[in-house]
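Here the structure is laid out as structure tokens; the discussion comes afterwards.
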Number of protein chains: 2
Amino acid sequence: MTRVDGRVERGNRTRRLVLRRTVEIASVEGLEALTVGRLAAELELSKSGVFALFGSKQELQLATIREAVRIYTERVLRPAAETPPGLGRLWRLCELWLEYSRSRVFPGGCFFYGAMAEFDARTGPVHDAVVRAQRDWSAHVERTVEEARTAGELRAGTDVAQLAFELVALLETANALSVLHDEESAYGRARVAIAERLRGAAAEGVPLPQSP
Amino acid sequence: MTRVDGRVERGNRTRRLVLRRTVEIASVEGLEALTVGRLAAELELSKSGVFALFGSKQELQLATIREAVRIYTERVLRPAAETPPGLGRLWRLCELWLEYSRSRVFPGGCFFYGAMAEFDARTGPVHDAVVRAQRDWSAHVERTVEEARTAGELRAGTDVAQLAFELVALLETANALSVLHDEESAYGRARVAIAERLRGAAAEGVPLPQSP
């Protein structure tokens, strides 16, 4: 390895180390709590080193959102894609989401719930990145509903966007109430409601798959 | 009016003036954005005057939450209580809530949504006040569902807590998505879903009341 390669590799390692911590901090205290000085102190790095990697607080916030999307994709979207398109994949997606929230992949619960509430009424690049992440997630749920309809597993008249909205509402609220009250009953309620919604939308003779 | 009365009255006036501004700031930027210095500068008051009225940043945050509860009670809970107990009051409560969010009584949308996300994973008196406000709201919805059941307007087997959870999920998510994407379609989706849920739970022959 050349000296330059070594420096790049060290830089990447430090970047990953910093981002592992920033997604944690942001999920509990919000993206505004991310400062170069605090991270340098916590991780025993030089302030100029952290600054050289991220450039500004805003860049640090944007990189943190990208890292959260990467983790979320790996924990929820990718495993759901292993189930074939249809009602089974839709149900699996919801179950993986509830598990992602309940197991506190991020210590403050769903990363995006906090980021949304923090930046929803503001403007700027961080707001735009949060909007994009939420839009991508809603669109992903809608696509998964649409696949199930195309596969003939949902009634032909199913309102795809309406069903997707209701599923997202149940998931997000389970997360919000569970984190706020530090207890798990909201996950059970969300699961009951989602199963009922999917049974109501299922084409005749298509059963809701059992959980593994 | 004696001199002391005059001073008390002036203090109360200033207090109301400060709190009118703090609920606005907190609903957009969060409760952490409330500082005595900023408020004094914005409202052209002396820092020591604001400090004398609230004592600390935390007291200012707690007073702001109480003020938001007062406004919320006046805009949502009190007018809903004018409709007699039953399915009509439950439906009215949901409609008033959607209108409270849509009309931006607080410029950042539902005050409590933002406060919940900001303080959910923390500890301390502000967290506790937010938890209490959310619990009170959930309990209020549950009571309103229970009243409707007792009045014989919901099926006897209705799971009160489950229905309340689903209604709260639809309301809160309509607020969150509408503020984030700055558009109103989520309110329509929430209304459709709530009407469907209430029709599904209504006792035989009890119609969902029309909106005024």
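The values are calculated or read from the model by the stated rules, or taken from the named source; none is laboratory data. From a predicted model like this one, the values you see are computed outputs, not experimental measurements. Counting neighbours? That spans all protein chains shown, and the Cβs are built from the backbone with ideal geometry, glycine included.
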Of the conditions (1) buried (at least 20 other Cβ atoms within 10 Å of the Cβ); (2) modelled with pLDDT of 95 or more, B:Ala115 satisfies every one except a single condition; which number is it? (2)
Where residues in the stretch B:158-185 are at the interface with chain A (Cβ under 7 Å from one of its Cβ atoms) and closer than 18 Å to A:Phe119 by Cα, which of them is surrounded by the fewest Cβ atoms within 10 Å (Cβ to Cβ)? B:His181
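Going by the conditions given, is A:Gly55 away from chain B (no Cβ under 14 Å) and surrounded by fewer than 20 Cβ atoms within 10 Å (Cβ to Cβ)?
yes
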Return the residues of the stretch B:32-50 that are in contact with a Leu (Cβ under 9 Å, 6 or more places away or on another chain) and over 13 Å from B:Leu17 (Cβ atoms); say none if nothing qualifies. B:Leu34, B:Thr35, B:Val36, B:Lys47
